[in-house]
Every structure is written in structure tokens, then in C-alpha cells.
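Q: Got a structure for you, written out below as C-alpha cells; questions coming shortly.
The values are calculated or read from the model by the stated rules, or taken from the named source; none is laboratory data. Worth saying up front: this structure is predicted, and the values here are computed from it rather than measured. Note that we place each Cβ from the backbone using ideal geometry, even for glycine, and neighbour counts take in every protein chain shown. Ligands, DNA and RNA are excluded from the accessible area calculation, which covers all protein heavy atoms including side chains. Shrake-Rupley method; radii C 1.70, N 1.55, O 1.52, S 1.80 Å.
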Amino acid sequence: MKIVIFGLTISSAWGNGHATLWRGLCRALAGRGHDVTFYERDVPYYAANRDLLDPPGCRLRLYDDWDAVAAEAAREVAGATVAMVTSYCPDAIEACSLVVGSRAELRVFYDLDTPVTLSHVNSGRRVSYVPAEGFRNFDLVLSYTGGRALDELRTRLGARQVAPLYGSVDPDAHRRVPVSNGRRADLSYLGTYAADRQDRLERLFVEPARRRPGRRFVLGGSQYPDDFPWTPNMFYVWHTPPPAHPEFYCSSLLTLNVTRGAMADMGYCPSGRIFEAAACGTPILTDEWEGLSAFYEPGEEILVARSTDDALDALDLSEAELARIAGAARERTLSEHTAACRAGELERILEVV
């Protein structure tokens with residue numbers, strides 16, 4: 001297949017979850033014989049924090065403004081098997097218009113931010129990447145989120161056919177690695193600051209740190225406010241780029257996942273960092289959300305915490321038990337949640353549209 005994508009970014013993993021997903025998926029698609037071109041507007045924010053100019057598996061076409069690239073993009077799309085626009089593409093409206101009016105065999109929208117999309121639509125707010133007519137002119141809408149979100153994409157935005165295409169991990173990029181000298185984290189957390197998960201972060205990370213002053217807690221991420229409730233046994237690692245994620249996870253006895261508010265409310269929306277940590281062989285403690293058991297079996301492949309006491313119970317498990325859980329999660333990840341698995345799922349979805 002010839003696949004043409006108009007997306008947010010693949011060249012910079014700074015402050016977004018799109019780039020890491022696309023890097024693994026494009027590489028996997030190319031490995032299966034597909035030809036992928038990725039159009040990305042060269043915006044200053046990502047240009048200043050670019051960490052991959054030649055992504056394996058696709059041709060990256062950086063452009064300064066839509067008018068300068070529109071004619072070229074139209075030629076590419078006209079010969080495409082699949083022409084795709086994604087959420088938060090800076091030129092999504094123009095790209096949507098091009099794609100739905102083109103001769104591409106399949107015209108696809110991939111919403112990597114479905115809970116945010118639906119939250120805005122349901123509250124009457126405009127969504128910058130959704131056309132005025134919604135998704136009714138696309139042959140297929142893919143969603144990073146499953147469950148009831150799929151029904152809402154139909155009823156609220158007119159999608160004719162919908163299918164989930166969840167996050168994934170590239171096991172070549174996320175795997176067990178040697179850890180440099182230094183103290184190991186008893187519990188780690190990797191994530192950008194977000195007000196809508198602060199309550200759960202305090203319940204499952206900050207309060208356990210207060211109650212276990214002899215244990216070491218490591219938090220990685222950016223944009224944390226000055227009034228964040230740090231404790232003496234909590235250590236901060238500023239922005240951790242994707243190549244450093246494996247060492248971060250592998251230095252952790254246990255790592256925490258806290259889901260963004262809209263995603264937790266919607267359910268069936270696993271963070272890509274769950275798959276990353278699992279591929280690295282690190283046991284995961286997560287907040288509870290609907291659909292979790294569709295990806296990992298609670299208690300066997302992943303630990304679930306609803307309260308501070310639950311988090312402390314997980315911390316008090318033996319290293320042997322944590323290793324057993326981590327091994328089971330890694331095995332499931334490598335068999336069901338890799339980028340290659342998602343590439344195969346995408347092929348099967350496209351075959352029946």
C-alpha cells in the first residue's frame with residue numbers, strides 16, 4: 001500500500017505522544033512492504049526540540065505552510081491507497097478537504113485524542129482538527145480509544161465506519177537495558193504535569209512517599225509547578241526523551257501509570273507508556289479505568305491501585321512477585337501490543353472497509 005499521512009509530528013517527541021507511536025508504526029508498516037509518506041508542518045516548537053530528522057520506515061516531508069505544499073500533497077494523495085489525517089495536525093481542515101475530495105482508495109481520519117475530541121464536542125466547543133461536517137465524508141475513522149467512544153464517534157461526529165487502533169510499543173526501542181550506577185527507584189512515575197491527574201498522582205505517589213520515608217521515589221517529566229508537594233525522598237528528573245525511557249523504567253522496582261482525566265473517564269484508552277514499561281520488563285502499578293482487563297489481567301500482569309493503601313501494598317510485594325508480574329506483562333506485550341501487531345491490525349481493518 002501507498003500510505004500518505006498528515007499528522008502532528010514524527011520528528012519531535014517533545015511534549016506529545018504522537019511521535020513515538022508513529023515512529024514504531026511507520027517502521028513496522030515499512031517492514032511489511034508498505035510505502036509511507038508523513039507530512040508535518042515545520043512549527044517552531046517542534047523544530048527547536050527535534051530529535052529525529054530521518055525516521056525509519058517513512059519519508060518525512062517537512063513544510064513551512066500549507067499553500068507551499070498543497071499541490072505536491074494533492075499529487076501524492078491522488079495515487080495513495082490510504083490517505084490519512086490525524087488529530088492535532090496543524091493543517092487538519094485543509095488536509096481533510098484535500099483527502100475527502102481526492103481519488104485515494106481509502107480516506108481515513110485517525111483520532112489519537114478521542115476523549116479530548118468528544119469532551120470538546122459534547123461541551124459545544126470547536127475542535128480545531130474536526131471539519132464542520134464532522135467525519136461523515138471519511139471512509140473510516142480510526143480511534144486510539146475503544147469502548148463507548150466508538151459509538152460516540154458515530155453519533156456525535158457522523159463517522160460511517162469506526163475501529164480502534166490502540167497505542168503500541170517498538171520492542172527494539174523499548175527493552176531491558178543496563179542501568180548506570182545510582183540508586184534504584186522503589187517507585188517511579190514518568191509523565192508531564194497535568195492538573196486533571198494531580199489528585200490521583202498525590203494519592204498513589206506523593207502520599208506513599210510520605211508514608212514510606214525510607215523508600216526512594218523518582219518522578220520524571222516537565223511543567224511541574226513550584227508548589228508541587230515534594231517530599232525529601234522524592235527525586236526529580238526533568239524532561240526524559242524517548243531514548244532515555246528504557247533506562248528510566250529499568251532502574252525502577254515498580255513504575256506508576258496515572259491516566260489523564262478525559263481518558264480515564266472514557267476508558268479503553270491505554271497510555272503508550274504502559275506498553276513501554278511492560279516491554280522493558282518493569283512491573284506496572286496503574287490507576288483503575290474501564291477496559292484495562294482487555295489489555296492486561298489485573299493482579300497477574302498489572303497491579304491496580306484505587307487508594308494509597310493499594311499503592312503501599314504493591315510497594316511491599318516481594319521482588320520475586322513483582323518480577324513474575326513484569327514477566328507476564330512483557331510476554332503479553334510482545335505478543336499483542338507491539339507496533340508490528342498494530343500494523344497487522346491496521347491491514348486487517350483496511351481490508352474490510
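Q: Identify the single condition in (1) over 28 Å from Arg175 (Cα atoms); (2) open to solvent by less than 40 Å² (accessible area, probe 1.4 Å) that Asp199 does not satisfy, given that it satisfies every other one.
A: Asp199 satisfies every listed condition except (2).
Q: Hey, among the residues in the stretch 97-155 that are β-branched (Val, Ile, Thr) and in a loop (DSSP other than H, G, I, E, B), which one's nearest to Ala80 (Cα to Cα)?
A: Val130
Q: Next question. Which residue, of Leu317, Leu285, Leu303, Leu256, is hydrophobic (A, V, I, L, M, F, W, C), farther than 20 Å from Arg200 by Cβ and either in contact with a strand residue (DSSP E or B) (Cβ under 9 Å, 6 or more places away or on another chain) or part of a loop (DSSP other than H, G, I, E, B) (or both)? Lay out the reasoning, then the answer.
A: Details: Leu285 fails: farther than 20 Å from Arg200 by Cβ; Leu303 fails: farther than 20 Å from Arg200 by Cβ; Leu256 fails: farther than 20 Å from Arg200 by Cβ.
Within the list Leu317, Leu285, Leu303, Leu256, the selection yields Leu317.
Q: Given the residues Pro171, Pro178, which is the only one that is on the phi < 0 side of the Ramachandran plot, in contact with a strand residue (DSSP E or B) (Cβ under 6 Å, 6 or more places away or on another chain), open to solvent by 20 Å² or more (accessible area, probe 1.4 Å) and assigned to a loop (DSSP other than H, G, I, E, B)? Let's see the steps before the verdict.
A: Numbers: Pro178 fails: in contact with a strand residue (DSSP E or B) (Cβ under 6 Å, 6 or more places away or on another chain).
That would be Pro171, the only listed residue that is on the phi < 0 side of the Ramachandran plot, in contact with a strand residue (DSSP E or B) (Cβ under 6 Å, 6 or more places away or on another chain), open to solvent by 20 Å² or more (accessible area, probe 1.4 Å) and assigned to a loop (DSSP other than H, G, I, E, B).
Q: If you take the residues in the stretch 333-353 that are outside any helix (DSSP H, G or I) and open to solvent by less than 70 Å² (accessible area, probe 1.4 Å), which one is farthest from Arg32 (Cα to Cα)?
A: So the first thing to find is which residues in the stretch 333-353 are outside any helix (DSSP H, G or I), and the list is 337-338, 352-353.
Narrowing further to those that are open to solvent by less than 70 Å² (accessible area, probe 1.4 Å): 337-338, 353.
Numbers: His337: 17, Thr338: 14, Val353: 20 Å.
Applying the filter and picking the extreme gives Val353.
Q: Kindly provide the set of residues from the stretch 217-243 that are farther than 14 Å from Val206 by Cα, surrounded by 14 or more Cβ atoms within 10 Å (Cβ to Cβ) and either charged (D, E, K, R) or free of Cβ contacts under 8 Å to residues at least 60 places away in the same chain (or both), ordered by number.
A: If the condition is that a residue be farther than 14 Å from Val206 by Cα, surrounded by 14 or more Cβ atoms within 10 Å (Cβ to Cβ) and either charged (D, E, K, R) or free of Cβ contacts under 8 Å to residues at least 60 places away in the same chain (or both), then Gly221, Val237, Thr240 are the ones that fit.
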